[in-house]
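Asker: Once you've had a glance at the structure underneath, I'll fire off some questions.
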Amino acid sequence: MSSGHATARWGGLSIILALTISMAVLGLGTGSIGWQAPWAPDPDGMLAGILWDIRAPRTLGAWLVGALLGLAGAIAQGLFRNPLAEPYLLGSAAGAALCMAVVLTLGVPWLASQGWWARVGLTGAAFVGSVGGVMLTLLMSRGAAHTMRLLLAGVVVGVVLGAMTQLLMVWSAEAWRVMQAFMLGSTALLGWQACGVMAAVLLLAWPVAQSLAKVLDALSLGEDTARTLGIPLGLTRAVLVAILALATAAAVAQAGLIAFVGLVAPHLVRPWAGARHAHMLVAATAMGGGLMMAADVLARWLIAPQELPVGVLTAVLGGVYLLVLLHRRRA
């Protein structure tokens, strides 16, 4: 590896670290009345309570959501050998939303209640739906060999499962109110329990994905090449799909549908992270967290004292980024 590539990689990671620290400070200081330094004098202790109970878990939760989506996006693009692949495009988010709608419509008491077990239960329900959506997409596309068929199958699965989710919400007005915030995406209700669940998932998913980075490198050269290297494609694909689904499910269950982060984060780091997935997974995870923290701060600040749904903001910014990218490539 040349020293130039190593310098570019460390430079990129330094920029992401600076972005993350800056957004953390802004996130801790941004409230409904504007920005106030977290280290400002606090004689009555009110600011400390707001920082610990509201802003700190929300800021950390936003980073964890983005990190999980960035990791899932890097895995999806490497696994399916397609730079347009993202967690949501393969039906995972639609499946997670459908399972959560089923839980809310049926009114399962211990899942619909508040608390730690509710967070774990919703994540489990979303995980089942996420895996089911991805598996259904792979079944319809007859594997991942044909990228166009895979993308079309993902679109079809997403539309069908999304229609089923809408049908369930029509039946239940209570489920509709909860799912409306879920569909728009929000970090406003993230607390320490949600952070604990997402941190546990990230600590489980990232090392496993990192251990399979060489498998993703081999898959990028083609399935035949991977087979000649002795890689058990069936087993490794199953593990990668499980990690992809678990990371997506944890983020979706806690923050709702956050668009484009899983697609944009790997694209932003690819020019300097290189083709090796050992570096790509680290960079995409860190970039996803930084982007999500920036989106959370903007959602709080743009129309303060009101807030924008962060999922709407990421959809607009991500869509504009992709349009600019396509225009540059045409030029």
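Asker: First check a/c for the chain, with a ≥ b ≥ c the square roots of the eigenvalues of its C-alpha gyration tensor; if it is under 1.5, answer rounded, and if not, answer prolate when a/b is larger than b/c or oblate otherwise.
Answerer: oblate
Asker: Here's another thing I want to ask about it. Students often check this: by mean Cβ neighbours within 10 Å, which of 161-168, 315-322 ranks highest, and how do the rest follow?
Answerer: 161-168, 315-322
Asker: A further question on this structure: In square nanometres and to one decimal, what's the mean projected area of the convex hull around the Cα atoms of segment 52-99?
Answerer: Its Cα hull, projected and averaged over all orientations, spans 4.1 nm².
Asker: Under 10 Å, Cα contacts only: if you run a Gaussian network model on the chain, which one of M140, M293, M23 comes out with the highest mean-square fluctuation?
Answerer: M140
Asker: Where Rh denotes the Kirkwood radius from the mean inverse Cα pair distance, what is Rg over Rh for segment 148-266?
Answerer: Result: Rg/Rh = 1.05.
Asker: Give me the extension gain from S211 to Q166: residue separation times 0.36 nm, minus the current Cα-Cα distance, reported in nm with one decimal.
Answerer: Stretched out fully, the S211 to Q166 stretch lengthens by 12.3 nm.
Asker: From the mean inverse distance of alpha carbon pairs (Kirkwood) and the Cα radius of gyration, derive Rg over Rh for segment 202-252.
Answerer: The Rg/Rh ratio comes out at 1.03.
Asker: Could you compute how much accessible surface I21 exposes when probed at 1.4 Å, giving the result in Å² to the nearest 10?
Answerer: Using a 1.4 Å probe on the heavy atoms, I get roughly 90 Å².
Asker: How many Å² of accessible area per residue for the chain, probe 1.4 Å?
Answerer: On a per-residue basis, the chain sits at 47 Å².
Asker: I've got another one for you. Pick out the long, greasy-scoring helices in the chain: whole DSSP H runs spanning 20 Å or more along their own axis by Cα, mean Kyte-Doolittle at least -1.0.
Answerer: 3-29, 56-79, 92-106, 116-141, 147-171, 192-211, 233-255, 277-301, 310-330
Asker: Using mean Cβ contacts within 10 Å as the protection proxy, how do 273-283, 201-211, 86-96, 229-239 order, highest first?
Answerer: Put in order of decreasing packing, that is 86-96, 273-283, 201-211, 229-239.
Asker: Something else about it: Divide by every residue of the chain the summed helix terms, -39500 (n - 2.57) for each DSSP H run of at least 4, and state the resulting mean residue ellipticity at 222 nm, rounded to the nearest 500 deg cm²/dmol.
Answerer: Rounded to the nearest 500, it is -25500 deg cm²/dmol.
Asker: Let me ask you something else. Which of rounded, prolate, oblate describes segment 264-331, given a ≥ b ≥ c as roots of the alpha-carbon gyration tensor eigenvalues and a/c under 1.5 marking rounded, otherwise prolate only if a/b is larger than b/c?
Answerer: oblate
Asker: Can you list residues whose amide H is under 5 Å from T30's amide H, if they're 5+ apart or on another chain and H is modeled 1.01 Å from N?
Answerer: The list, which skips near neighbours in sequence, is Q36.
The values are calculated or read from the model by the stated rules, or taken from the named source; none is laboratory data. Since we're looking at a predicted model, the values are computed, not measured. Heads up, the Cβs are rebuilt from the backbone with ideal geometry, glycines too, and the neighbour counts pull from every protein chain shown. The area values use the complete protein model at the heavy-atom level, side chains included, leaving out ligands, DNA and RNA. Shrake-Rupley method; radii C 1.70, N 1.55, O 1.52, S 1.80 Å.
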